[in-house]
1. Identify all lysines with a Cα-Cα distance to K353 below 22 Å; exclude those on the same chain that are fewer than 8 residues away in sequence.
2. Place the peptides 205-214, 307-316, 122-131, 85-94 in order of packing, highest mean first, counting for every residue the other Cβ atoms within 10 Å and averaging per peptide.
3. Convert each backbone phi in the stretch 258-265 into a coupling constant with the Karplus relation 6.51 cos²θ - 1.76 cosθ + 1.60 (shift: θ = phi - 60°), then list the ³J(HN,Hα) values in order as whole Hz, x for Gly and Pro.
4. Could you rank the peptides 151-161, 102-112 by their average count of other C-beta atoms within 10 Å per residue, with the highest value first?
5. As an exercise, use a Förster radius of 51 Å and the Cβ-Cβ distance of S346 and D61 to find the FRET efficiency, rounded to the nearest 0.05.
6. In deg cm²/dmol, rounded to 500, what helix-only [θ] at 222 nm does the chain give when every DSSP H run of at least 4 residues adds -39500 (n - 2.57) and the total is split over its residues?
7. Under 5 Å between amide hydrogens, which residues at least 5 positions from G251 or on another chain qualify, with H placed 1.01 Å from N in the peptide plane?
8. Projected onto the charge dipole of the stretch 299-383 (+1 at Lys/Arg Cβ, -1 at Asp/Glu Cβ, origin at the Cα centre), which of I356, I332, T312 gives the Cα projection farthest towards the positive end?
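What follows is calculated from the coordinates using simple rules that are stated; it is not laboratory data. The structure displayed is predicted, hence computed values, not measured ones. No Cβ is skipped: glycine too gets one built from the backbone with ideal geometry, and neighbour counts run over all protein chains shown.
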Amino acid sequence: MKIALLPLVLYAFGSFGQTYNPFYASLADACNQDTVNQNLVTFESFGEKQVGSTELENTYDWLYNAYVSYGYTDIQEDQFFASGVSTKNLVVTKTGSVYPNTYVIIDAHYDTKNGPGANDNGTGTVILLELARLLENVDTEYSIKFIHFSAEEDGLLGSLNYVNDDVITTNMDIRLVFNIDQVGGTTGMTNDIIVCERDESPPAANNAASAIATTELANCIEFYSALNTEFYFAYGSDYVPFMNNGEVVTGLYEKNESPYSHTSQDLIVNMDLDYLFQVTKGTMGALAHFVIALDEVSLSEFDKSAIKIYPTPSDGNLSIETDRLVGQKANITVFDISGKIIWNHSISSFGPKEQIQLNNLNAGSYLMTVESEEQIYRRKIVLE
Ligand SMILES: [Zn+2]
């Protein structure tokens, strides 16, 4: 639970420029609601997770073992003292293939206050687990740090300690900090909006970049989940020590704020698991966007001979040439700039050269995907 100190400011959402990515959509669709729910049941079962408690230690061990089971090897136990009591952040690093020394941090606190904290912040915790599970085998351009902070409820002490002892001392190059805190919604309410949080506080130098990242976050939520978005200012969670240090931050928080946070009733039964799953999917799409996740199949696109779609620009009569799909069933889909499917065609047995007519579409830029069961190719096309 967070206490707002400034008045509510809402902005109308407008999508511009950023395109829907079918691979990020496939990652979002790969999120498994049963896995997410089972992890949340386990989280809740550990009970109240105060700093210094066995319950918090048990939760830490469970998280640690989950990352091991997913195949991660770079797992850092970040020990520190919160008001004289020893506790640990868990920091799991996945190295990027293009920018190995530049990090996208996605974080969630795993300590709780006055209850098991299924929503605050079991929800953020299990989202990180699900994304890490799915991304372990996915190549990403930027490195990712999955960080589970302790002592958030004691005054953001885990993140403050991490910024002071790990970020500043190593001059860590951080592309973005993406904080997930309390995104389970409230049972009995219509939970269909997620709040995207941006930095509107001093220092001001990093605020514009936070606004851009948060607009991109909102776009991704709308592309890759069923949720709508609103903007609000970032406050009262683990991104604060980062933004005070000049880093670029963004975050997610539920729209229908739970009345049960920091009580014994912060339980799964009092939140909305379908909402949590939609937040998970949107977060997956957003993280894939921020780290630039690379589809292995799309890597083969660099082999330009794999598929030719021409001419571009085109008057609407397009040829598709490939020897990779011959004899296979394939779907051709055209997306507009906002990610909406505007044309779709299925071919039961792809030939070496297929011709399609898009003469009825308006002039402009589109994304075309040509997809068989095993492969997907995508190209930008321009119609005159
Ligand atoms: Zn929280």
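1. K304, K308, K329, K380
2. 122-131, 85-94, 205-214, 307-316
3. 4, x, 9, 4, 6, 9, 5, 9
4. Top to bottom by mean Cβ count within 10 Å: 102-112, 151-161.
5. In this case the efficiency is close to 0.55.
6. Rounded to the nearest 500, the figure is -8000 deg cm²/dmol.
7. When sequence neighbours closer than 5 places are left aside, the close amide H contacts are N179, E197.
8. About the Cα centre, the residue reaching furthest to the positive side is T312.
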